[in-house]
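Computed from the coordinates by the stated procedures, all read-outs in this text should not be read as laboratory data. Note that this is a predicted model, so its numbers are computed, not measured.
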Amino acid sequence: MKQIKPYHLLVNFLFAALPLSALAQQPPSLPPQQVGVITVKQQEVPIIVELPGRAVAYEKADIRPRVTGIVIDKLYKAGAEVKKGDPLFRLDDSSYQATVAADEATVAEAQANLPVKQSAYNRAKKLEGSGYTAADVDTAESEARFR
């Protein structure tokens, strides 16, 4: 048979007695705990959901110029409503003024040459058949009308 050493007995006794000693010592009694009471009733509760996101315009318009030029001023506010015909930009008009001046000079030159071209046509019409052909008359007429 196995011989049990005395310190083993002591350790076993302490472990066996420990639960009994824990039961023997009861904590001091505390007063009853105060609790709140609510009555539950059925009612509608709104469902609120917060989600991350971003706002996007429901209508989007790209602004593109119909003419060329240098933009001097923007005449609308971003996000503001614009209507058909509202001016959006002010352009530098110096290149347009130069084009108008050149076209006016061309018109003035054509008006100055009109009497000469008209008299050349009249002369070709009178001399048709005596040195002038129908093609010469048509050429003189077209120069008088379109130049």
Radius of gyration and Dmax over the Cα atoms of segment 71-146, both given in Å: 24.2, 76
Percent RCO, i.e. relative contact order, over segment 71-146, from Cα pairs under 8 Å lying at least 6 residues apart: 22 percent
